[in-house]
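Reviewing the structure listed below.
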Amino acid sequence: MYRRKSERWVKHLDFMIVDLIALQISLVLSYLIRNRGGNLYQDPTYRNIAVLLMVIDVLVSVLFGSFKNVMKRGYFKGFTMMIKHVILVELSLAFYLFSVKVGENYSRTIIYLMGILYLFLGYIFRISWKKYLQKKRKEKGKRSLLVITTAEMAKSSIENIMENNYEQFFIDGLVLWEGGVIGQEIEGVPVVTTMDQIFEYASDKWIDEVLINLADDNTYASYLAERFNEMGIVSHIRLLDSRQYAGKKRFIERMGGYTVLTTSVNYVSLSQTVMKRALDIAGGLVGCFITLLLMLILGPAIYAQSPGPIFFKQIRVGRNGKKFYMYKFRSMYLDAEERKKELMEKNRVNGGLMFKLDWDPRIIGSKELPDGTFKKGIGNFIREWSLDEFPQFFNVLRGDMSLVGTRPPTVDEWEKYELHHRARLAVKPGITGMWQVSGRSKITDFEDVVKLDMEYINTWSVGLDLRILLRTALAVVGKEGSM
């Protein structure tokens, strides 16, 4: 869902932060010059303007694309864009002051001088930050890129990406159309696999993105992109002429020095990405506060029946195979993981790709009575009301998870995944999701789980997240089971 363009925009949030710092410095300096001293932030009138300007600056940046292609701009283009940005900020501030009829409370000298200082300080800050990022460009990037090309074009492909690596890719390796010797290096990048093993390699190594740079008459590129798309891997095809391609989402853009056709499962704009993250942060803060309150009540109850840690942590597989520790209130005895193997034959989900039991004897306080009925304990209460999930709000704040997404598998589960199962990890895992609010207690076929997850990924919107959150709250109140 989060295709590369959205990630690049989010990465440029650091430019927005640098811009906000320059704007605040400009406002403070103009206040000091006009009043010959004083603390702007102790002046209620101008303190309000300082906050308002931050909101205006963010809105102008997002709505008018102030940082679009910022790394590719020359000095002149960068300065003209800065002028445009400053004018829009000043006009927006003037419109606000005129609309609320408080303009007479503010010095025009401060506002005009702030604009002038902001123009030059903002430009200097942007250029300085850009140079810093350009130095980092040669370091190992955050996202892995697999390059599929021919022996003839391999050298130029690598050079092109490295010289124009605005996205800060780490080139994981090369795959040569003709075969090539595994381990052979071209421009310092090794040949890592063969064409007949390429999908297995991409899955095992959790490759983030693929560049397909083949000859114009090679029709295999579309097939490769389609298969990678099924796996949830973003693919880029270098365009030599227009071709029909049956991808799900297609975009023409620049990658290095190439014009490429990018395909991904879904497209998310910058504003949608920011809104989703803002929702995660807001929900995460509220959830963490509730978690602290629950800890005061559940902590002693858990420890009384099963002495040991209150929290349970487990390695889970997140977006694009990135592993992280997921936290829960402990609702099971300490030997639960060891006993899981003994209970695997009672697993309700076919194939062992998820683990669900009708009655789990590992739950704290849960017992089977002589008459064959089951006695519930504190662990059942915690799970039925989904209280065990609340520590995951900490994972949401850290950015490992989202409020809504797909449930993260355990390491042993994802090792059993087939290629098309991998696509459900193309998004951040969530505390809740489409599967959880669609009768999860009745679903025993993992393929049905994957279908629901892919429906969520393909149709995602902020509105869908809000609807799922509402349905989750209703499900918890109705005690439909743990998430």
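The values are calculated or read from the model by the stated rules, or taken from the named source; none is laboratory data. Please read all numbers here as calculations on a predicted model, not as lab measurements. Quick reminder, even Gly has a Cβ in these numbers, built from the backbone with ideal geometry, and neighbours come from all protein chains shown. Accessible surface is based on the protein model in full, side chains and every heavy atom, while ligands, DNA and RNA are left aside. Shrake-Rupley method; radii C 1.70, N 1.55, O 1.52, S 1.80 Å.
Among the residues of region 86-105, is any in contact with a helix residue (DSSP H, G or I) (Cβ under 9 Å, 6 or more places away or on another chain) and part of a loop (DSSP other than H, G, I, E, B)? Yes: region 86-105 contains one or more residues that are in contact with a helix residue (DSSP H, G or I) (Cβ under 9 Å, 6 or more places away or on another chain) and part of a loop (DSSP other than H, G, I, E, B). Is it fair to say residue 317 is buried (at least 17 other Cβ atoms within 10 Å of the Cβ), at pLDDT 90 or above and either in contact with a strand residue (DSSP E or B) (Cβ under 8 Å, 6 or more places away or on another chain) or within 30 Å of residue 208 (Cα to Cα) (or both)? Taking the combined requirement at face value, the residue satisfies it.
Does residue 206 satisfy the criteria of being over 30 Å from residue 73 (Cα atoms), touching a residue at least 40 places away in the same chain (Cβ under 8 Å) and open to solvent by 80 Å² or more (accessible area, probe 1.4 Å)? Spelling it out, it is not the case that residue 206 is over 30 Å from residue 73 (Cα atoms), touching a residue at least 40 places away in the same chain (Cβ under 8 Å) and open to solvent by 80 Å² or more (accessible area, probe 1.4 Å). Considering the conditions (1) open to solvent by 30 Å² or more (accessible area, probe 1.4 Å); (2) more than 31 Å from the chain's Cα centre (by Cα); (3) among the aliphatic types (A, V, I, L, M); (4) modelled with pLDDT of 90 or more, residue 114 is excluded by exactly one of them, (1).
Does residue 329 qualify as being open to solvent by 80 Å² or more (accessible area, probe 1.4 Å) and modelled with pLDDT of 90 or more? No.
Of everything listed in (1) at pLDDT below 90; (2) part of a helix (DSSP H, G or I); (3) open to solvent by 10 Å² or more (accessible area, probe 1.4 Å), the single unmet condition for residue 141 is (2). Taking region 287-310 as the range and being in contact (Cβ under 8 Å) with a residue 12 or more places away in the chain and within 20 Å of residue 395 (Cβ to Cβ) as the test, the residues that pass are 287, 288, 290, 291, 294, 295, 298, 302, 309, 310. Counting the residues of region 45-67 that are part of a helix (DSSP H, G or I) and open to solvent by less than 70 Å² (accessible area, probe 1.4 Å) gives 12.
In region 36-61, the residues that are closer than 14 Å to residue 94 by Cα form no Cβ pair under 9 Å with any partner that is open to solvent by 70 Å² or more (accessible area, probe 1.4 Å) and not in a helix (DSSP H, G or I), whether six or more places apart or across chains.
For the condition among the β-branched types (Val, Ile, Thr), open to solvent by 20 Å² or more (accessible area, probe 1.4 Å) and farther than 30 Å from residue 230 by Cα, what is the one hit in 302, 297?
From the options 302, 297, the qualifying one is 297.
Of everything in region 68-82, what is in a helix (DSSP H, G or I) and among the basic types (Lys, Arg)? Give them in sequence order. Scanning region 68-82 gives 72, 77. I'd like to check something: does region 83-100 contain any residue that is surrounded by 16 or more Cβ atoms within 10 Å (Cβ to Cβ) and among the acidic types (Asp, Glu)? The answer is yes, given that some residue of region 83-100 is surrounded by 16 or more Cβ atoms within 10 Å (Cβ to Cβ) and among the acidic types (Asp, Glu). When residue 163 is tested against (1) closer than 30 Å to residue 70 by Cα; (2) in contact with a strand residue (DSSP E or B) (Cβ under 7 Å, 6 or more places away or on another chain), just one condition goes unmet, and that condition is (2).
How many residues does region 422-472 contain that are outside any helix (DSSP H, G or I) and surrounded by fewer than 16 Cβ atoms within 10 Å (Cβ to Cβ)? Adding up the residues that qualify gives 5.
When region 190-240 is filtered for residues that are touching a helix residue (DSSP H, G or I) at 6+ places or on another chain (Cβ under 6 Å) and within 16 Å of residue 258 (Cβ to Cβ), the ones remaining, listed by number, are 210, 212, 213, 214, 234, 235, 237.
Over 28 Å from the mean Cα position of the chain (by Cα), of a type in the set (D, E, K, R) and under 24 Å from residue 271 (Cα atoms), is that true of residue 84? The answer is yes for residue 84.
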